[in-house]
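I have placed the structure first, in the form of structure tokens, so that the comments after it can refer back to it.
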Amino acid sequence: MDFAIPYICLAAAAFLTTFACTPLAHRLAVKLDAVDYPSKRRINTKPIPRLGGLAVFAGLSVACILQIVGTLNWGWPSALVPHPSMAINYPMLAVSFLMIVVTGALDDVIQLSPRLKLAGQIASAIIAAASGLLIHAVVNPFGAGELDLGWLSYPVTIIYLVAYTNIINLIDGLDGLASGLAAIAAGSMFSFAILAGRGDAASLSIALIGACLAFLRYNFHPASIFLGDSGSLLLGFALGTISLMNVSRVAALTSMIMPLIVAGVPILDTLSAIIRRKRAHVSIGQADKGHIHHRLIQEGFDQRQAVLFIYAWTILLSIGAATINQVRVEFRVVIFLILLASSIAFALRLHLFEPVLLHHYNAQEDEDEIISPDSPAFAEEQERIVEERRRRREERGTHRHGKGTP
């Protein structure tokens with residue numbers, strides 16, 4: 001029981017702080033006009049303030065302070081405080097969290113350009129990597145020894161953190177979805193951290209659980225406030241950080257795969273969005289209504305049902321990841337393949353890879369335009385694309401059969 005007391009206190013501190021600060025974030029968002037107004041690409045039917053991430057950040061900050069006080073004065077296990085066995089500069093890591101929240105908050109208020117938003121994410125990841133949050137080597141999966149990443153450990157870490165940050169940001173489309181998924185993922189990562197003896201990862205993940213659960217009180221359907229980019233970027237960045245804390249300087253392949261399995265739903269959603277937009281010949285950054293939550297709504301689910309369904313899917317993946325961590329290598333491969341195959345099958349069932357926008361040339365206006373399924377030109381453009389692909393296949397077949405003929 002004594003072992004659990006620090007973690008209970010951290011979760012409670014994050015919960016109570018976020019719960020108390022969310023109404024303040026609501027009022028601030030309204031004052032700054034950081035509000036999501038109803039539109040064609042949004043689910044909400046009335047204006048909803050964003051900037052909820054500030055309340056979540058406040059919860060994590062108070063929990064961090066409590067951890068330091070507990071370590072210095074009450075004999076709590078050392079976490080988030082530099083000590084000989086750790087190489088992470090925690091004050092610098094805290095700066096990276098502040099940077100990602102500021103980036104998201106600015107986007108919530110003044111709508112940053114995609115380049116500036118990405119620049120803020122990269123800057124945050126660079127600071128985190130500079131703090132010592134790095135994977136220096138990976139166990140060689142094909143033989144004995146390890147693969148030393150050398151200077152590549154920096155770009156690998158930065159790309160990993162930026163990617164993890166964005167997968168949560170992209171799936172944040174229904175009331176309570178991102179905050180609930182983050183709580184579930186943090187719960188899985190907390191168990192991994194306890195098993196691995198990673199006090200810092202355990203403390204941060206339990207604080208994240210507390211903050212997310214408190215925010216869900218206001219964010220679950222019908223939501224009175226949204227996370228905004230200040231929250232979705234923070235949650236993704238925090239989960240990416242925890243997953244890196246959970247591995248040692250020399251990471252096994254399994255320890256790197258487990259956090260990716262836990263985040264399997266948003267990763268699949270992001271991958272399908274890229275493929276979908278590439279197939280439609282539109283920009284990867286072009287928003288559409290083809291995400292998992294949109295498809296579930298189109299299938300007849302209401303917001304609560306869609307969110308609960310995705311929660312259940314994530315929980316199953318988390319259970320699979322936990323099982324992988326406890327069985328022999330050959331069973332790990334089997335479980336991973338089952339999880340992968342079932343997730344892909346479900347994605348195909350929801351038509352996640354099929355375009356919902358098309359890039360179309362308007363001859364009358366003499367310019368390119370983006371068309372949606374409710375436009376008459378959409379079906380015509382789909383037929384043109386299908387015919388073009390058929391013609392190319394026939395040309396390739398003719399070319400192959402013609403090879404070697406005199």
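Read-outs throughout are calculated quantities, based only on the coordinates presented, and are distinct from any laboratory measurement. Computed from a predicted model, the values in this text were never measured in an experiment. Reconstructed Cβ throughout: ideal geometry from the backbone, glycine too, with neighbour counts over all protein chains shown.
Multiply the residue separation of Ile275 and Val69 by 0.36 nm, subtract the distance between their alpha-carbon atoms, and state the gained length in nm to one decimal. Please report the intermediate quantities before stating the final value.
Numbers: separation 206, 0.36 × 206 = 74.16 nm, distance 4.79 nm.
Full extension of this stretch gives 69.4 nm more.
Please give the contour-minus-distance gain from Ala345 to Leu260: 0.36 nm per residue of separation, less the Cα-Cα distance, rounded to one decimal in nm. Don't jump to the answer; show the numbers that get you there.
Numbers: separation 85, 0.36 × 85 = 30.60 nm, distance 1.81 nm.
So the extension gain works out to 28.8 nm.
So, counting K/R as plus one and D/E as minus one, what does the shell of residues with Cβ under 11 Å around Gly228 add up to?
Values: positive: Arg50; negative: Asp36, Asp107, Asp108, Asp172, Asp229.
Local charge sum for Gly228: -4.
A simple spin-label model places pseudo-atoms 7 Å from Cα toward Cβ; at Ile335 and Ile8 they are separated by 2.9 nm.
Which of the peptides 161-171, 90-100 is most tightly packed, and how do the rest follow, going by the mean number of other Cβ atoms within 10 Å of each residue?
Details: 161-171: 23.2, 90-100: 18.7.
Top of the packing list down: 161-171, 90-100.
Taking loop as defined by DSSP and a crowding limit of 10 other beta carbons within 10 Å, which trypsin sites (Lys or Arg not before Pro) in segment 289-352 fit?
Numbers: sites: Lys289, Arg295, Arg304, Arg328, Arg332, Arg349; in loops: Lys289, Arg328.
Of the trypsin sites (Lys or Arg not before Pro), the ones in loops of segment 289-352 whose Cβ has at most 10 other Cβ atoms within 10 Å are Arg328.
The overall shape of segment 295-355, judged from the alpha-carbon gyration tensor, is oblate: a/c is not under 1.5, and a/b is no greater than b/c.
In this structure the amide hydrogen of Leu147, modeled in the peptide plane, comes within under 5 Å of the amide hydrogens of Val138, Val139, Asn140, none closer than 5 places in sequence on its chain. By the count of neighbouring beta-carbon atoms within 10 Å, fewest first, Arg50, Arg392 end up ordered Arg392, Arg50.
Using the average count of surrounding beta-carbon atoms within 10 Å as a protection proxy, the listed peptides 203-213, 181-191 rank, highest first, as 203-213, 181-191.
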